[in-house]
4 protein chains.
Amino acid sequence: MNFKTYLESTGQKAVELAKAAEKAAQETGASIVVAPQFADIARVAEAVEIPVFSQHLDPIKPGNCTGHVLAESIKEAGAVGTLINHSERQLKLSEIEAIISLCREKGLVSCVCANNPAVSASIAAMHPDIVSFEPPELIGTGIAVSKAQPQIVTNTVNLVRQVNPNITILCGAGISQAEDVATALKLGTSGVLVASGIVKAKDPYMILRAFADATRQ
Amino acid sequence: MNFKTYLESTGQKAVELAKAAEKAAQETGASIVVAPQFADIARVAEAVEIPVFSQHLDPIKPGNCTGHVLAESIKEAGAVGTLINHSERQLKLSEIEAIISLCREKGLVSCVCANNPAVSASIAAMHPDIVSFEPPELIGTGIAVSKAQPQIVTNTVNLVRQVNPNITILCGAGISQAEDVATALKLGTSGVLVASGIVKAKDPYMILRAFADATRQ
Amino acid sequence: MNFKTYLESTGQKAVELAKAAEKAAQETGASIVVAPQFADIARVAEAVEIPVFSQHLDPIKPGNCTGHVLAESIKEAGAVGTLINHSERQLKLSEIEAIISLCREKGLVSCVCANNPAVSASIAAMHPDIVSFEPPELIGTGIAVSKAQPQIVTNTVNLVRQVNPNITILCGAGISQAEDVATALKLGTSGVLVASGIVKAKDPYMILRAFADATRQ
Amino acid sequence: MNFKTYLESTGQKAVELAKAAEKAAQETGASIVVAPQFADIARVAEAVEIPVFSQHLDPIKPGNCTGHVLAESIKEAGAVGTLINHSERQLKLSEIEAIISLCREKGLVSCVCANNPAVSASIAAMHPDIVSFEPPELIGTGIAVSKAQPQIVTNTVNLVRQVNPNITILCGAGISQAEDVATALKLGTSGVLVASGIVKAKDPYMILRAFADATRQ
């Protein structure tokens, strides 16, 4: 669950949202990860026991990197992994590979985002822990990738598996109904990446709970 | 005082360093600002009463900006201003102008960094609160800009004043001795930007205290 | 006149368009500059005697810069100047300043583009030969900046003149009628930056001729 | 053969260098491709019959892309392919994939550069025509990758073949002796990427001839 930079998921509200996610996870046994903004990682990680990810990480070593995001910094703040190359924060290929290596070295879970099937396969060839496929044109639309483009999801799963049989595959973009989650799992993914569908909801807990239930069927 | 991404200024050590800065500020009456990493802003701001800046800010509005730094987020975490366009995190011209406007709108202090006199004047023409001149070739060297290139500092001050008579001018790069601070002030600046000279010191408080004393002479 | 990357101004068609511009310039005495794509600079410069600009230049020295645009290369191909920081090819502030210096050193005319009044002033403070103000939201719309936002043009002229009394000021975006050109000159600019209004026209020469006439009134 | 932005391979000298390459190719039957700067593509392509590549291509369609490199433009100038993601002109992952697709659509040969074995495999998964492995730390050193790091070349070939059995594999960086070329071929590559070793040579033809001979053994 990507908190992005919504006001509804900033600061104290990030903590509340993470607690709602934790509650849904505990009640259902589903695995829910939250990815708040950098400045909120520490307080979210203190408030909940579910895994906290960063939204981005820079391929840097400690030192002269003003304004960048250091692995050691997000780790000490409580993050156990990070999103990489989200469509809203795209990176150079060599940077993605360097961040995957850095995560491996520092014990952080790497979740790399892809905008299409070929890019998904390309990412899988670098062996991150997770590849997450999200067609940018559907992000934030409420039109679920798993419903609108099931064949592209299947195609992505097949291309990725050819290159890397063991990687965890997520899909995202437009996921707003519990059935979208169930469909995504049927298509061969292990879970979904969600953001506005929950963050902007009147009652995020209710949606999260329904999504979590859908993963348990 | 820019904490950059040194391990010596990450996490719990960022808090300790900020407390040392606060102590030096309180004892001397000097104005010391600390700029920790994003993930450390909240805990540093809780621990000290001196101003806390972010090291960077993105020219974005709340919403779909995964992995970016939102003004509202750093503000809620306790930051009262931000570095902009540090030589290690350079930005497009239109982005710098957008961030300066955003800071004005959100009540954040804008401190924009420049790598040479012409760029300093260019920044001053956009009316941020502070322009900070740092020749990149001296950063981290221990060779102080105010000592090694006094004429360039004077030249910068003159060019900036022609464009903007009221802006606060800082200089930085290689500042490692108290006399470097005193010299910088004599050359017409209002203060200095420091990083490794203090962060990497065995006793940061001692150096900070000496620097703070130098500003009081 | 910016050829951008329209098919109507690529290759052989770039040569024909440049010849139409040359004809209009010769008949009216107006000064018309053409800015074709990199690969077309040489053949356009061979075909016409009016000045040819590059659409971009990189702040590099000869050597290891694969895929970048070298001053010496566009100069030998026949360019006498370059656009810099066009809204479709924006640059870091320090790069803009480095390119302006490079143009000065290599005897190339520097024309730096700005997206708003504050950015225009910022550019003027670096003393390029020309600053060109173009609000991005009007580019390609056919709604002329000089008609739709006359006050912003006047405001830009004033801000720029305070910082740099002698610089040449152009404006652009949406210029599609001869009267838009005349209005732009009345607002205090020295000319206009045009692209789609001419490139996509059925008879570019007719439009160019009308625009050139408008500058002579 | 990458001309980069050396003065020795700019303008008229680019034409002479390309002719030397053509001569070596014709005499030996070796396949030599030249990649001059954008502004030199047209005159080089007119002067020689060996294939001419661009050094870079942008993932754009015709239109509003001032300062970018359009596929149709380099094609009309005479290029039949392009380097992509050279270590001196690195691109975002999604851009690389978009350029590979664009090349396929426009009938241009795509040669994508990689900085290490994992990145090479990642590129191979996107099915360009050629992947070229060049460790950046050896570029321009005269220390040949095939001699200094034979195991990394073999490792790259193996990783790439697992993902894509049919792709053409080149290697480069520091190639300055004919034996470096022969070694590269023995390690399983189909050729080499060269630049300064030839461009900066007193007699480029002699070196090219020796390299071409080495590929024929």
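Bear in mind that the values in this text are calculations on the coordinates, not laboratory data. Since the model is a prediction, treat every value here as computed from it, not as a measurement. No Cβ is skipped: glycine too gets one built from the backbone with ideal geometry, and neighbour counts run over all protein chains shown.
A few remarks follow.
- Annotation: peptides D:95-104, D:50-59, ranked by per-residue average of other Cβ atoms within 10 Å with the highest first, follow the order D:50-59, D:95-104.
- Residue of chain A nearest the A-to-B rotation axis [by Cβ], rounded angstrom distance: A:Phe38, 2
- Take each residue in D:85-92, count the other chain C-beta atoms within 10 Å of its C-beta, and the mean is 5.
- Taken over chain B, lysine pairs spaced eight or more positions apart, or on distinct chains, with alpha carbons under 15 Å apart number 8.
- Sequence ranges C:120-133, C:149-162, ranked by mean other-Cβ count within 10 angstrom, highest first: C:120-133, C:149-162
- Residues D:Asp203 and C:Thr168, FRET efficiency given R0 of 51 Å [Cβ-Cβ distance, rounded to 0.05]: 0.60
- Extent along the principal axes, Cα only, for the range D:1-41: 28, 14, 14 Å, with the longest axis given first.
- Relative contact order for the range A:105-217: 24 percent, from Cα pairs under 8 Å spaced at least 6 residues apart, divided by residue count.
- Average other protein chain Cβ within 10 Å of Cβ, residues B:111-122: 5
- Whole-Hz couplings from phi, Karplus 6.51/-1.76/1.60, listed for the range D:123-129; x for Gly and Pro: 5, 4, 5, 9, 6, x, 6
- Couplings 3J(HN,Hα) of the range A:146-162, computed from phi: 5, 8, 7, 9, x, 5, 5, 5, 4, 4, 4, 4, 5, 4, 5, 4, 4 Hz, in residue order, whole Hz [Karplus 6.51 cos²θ - 1.76 cosθ + 1.60, θ = phi - 60°; x for Gly and Pro].
- The GluC sites (Glu not before Pro) of the range B:1-54 meeting both criteria, a DSSP state outside H, G, I, E and B (loop) and at most 15 other C-beta atoms within 10 angstrom of the site's C-beta, are B:Glu49.
- Ascending list, in nanometres, of distances separating the D:Lys19 label from those of the other copies (7 Å, Cα toward Cβ): 2.8, 7.6, 8.0
- Taken over chain B, the alpha-carbon convex hull comes to 109 cubic angstrom per residue.
- Three-way shape call for the range C:74-113 based on the alpha-carbon gyration tensor, with the a/c threshold at 1.5: oblate
- Sorted from shortest to longest, the distances between the D:Ala148 label points of this copy and the other copies are 2.8, 4.9, 5.4 nm, with each point 7 Å from Cα along the line through the beta carbon.
- Other copies of A:Ala201: label-to-label distances in nm, shortest first, labels 7 Å along the beta-carbon direction: 5.3, 5.7, 6.6
- Cβ crowding within 10 Å, taken as a proxy for footprinting-reagent exposure, orders B:Arg216, D:Arg209 from fewest neighbours to most as B:Arg216, D:Arg209.
- Calculated diffusion of the range B:59-142, Stokes-Einstein form, Kirkwood radius summed over Cα pairs, 4 °C and 1.567 mPa s, µm²/s: 96 µm²/s
- Karplus-based coupling profile of the range D:46-59, in residue order and whole Hz: 6, 7, 10, 9, 6, x, 10, 10, 7, 8, 6, 8, 9, x, with θ = phi - 60° in 6.51 cos²θ - 1.76 cosθ + 1.60 and x standing for Gly or Pro.
- Beta bridges assigned by DSSP with both partners in the range A:2-131 are antiparallel in approximately 0 percent of cases.
- Spatial separation of Cα centroids for the range B:169-217 and the range B:58-129, in angstrom: 24 Å
- Near D:His56, the amide H atoms lying under 5 Å from its own belong to D:Leu83; only residues 5 or more places off or on other chains count, and H is placed 1.01 Å from N.
- Cα convex hull of the range D:1-98 - mean projected area over all directions, nm²: 6.6 nm²
- For the range B:145-184, the orientation-averaged shadow of the C-alpha convex hull comes to 2.7 nm² (one quarter of the hull surface).
- Placed amide H near C:Gly63: partners under 5 Å, 5+ positions off or other chain: D:Thr5, D:Tyr6, D:Leu7
- Per-residue ellipticity at 222 nm from helix content only, as computed over the protein assembly as shown with -39500 (n - 2.57) for each DSSP H run of at least four residues, stands at -13000 deg cm²/dmol.
- Here's how it looks for C:Ala114: its modeled amide H is under 5 Å from those of C:Ser132, C:Phe133, C:Glu134, which are all 5 or more places away or on a different chain.
- Taking every residue in B:194-202 and counting other chain Cβ atoms within 10 Å of its Cβ, the average works out to 1.
- For the range C:96-137, the fraction of C-alpha pairs more than 16 angstrom apart is 31%.
- Three-way shape label, the range A:89-217, alpha-carbon gyration tensor, a/c 1.5: prolate
- In the protein assembly as shown, inverting the average of 1/r over every pair of distinct C-alpha atoms gives 29.0 Å as the Kirkwood radius.
- Reciprocal of mean inverse Cα separation for the range B:25-67 (Kirkwood radius, Å): 12.3 Å
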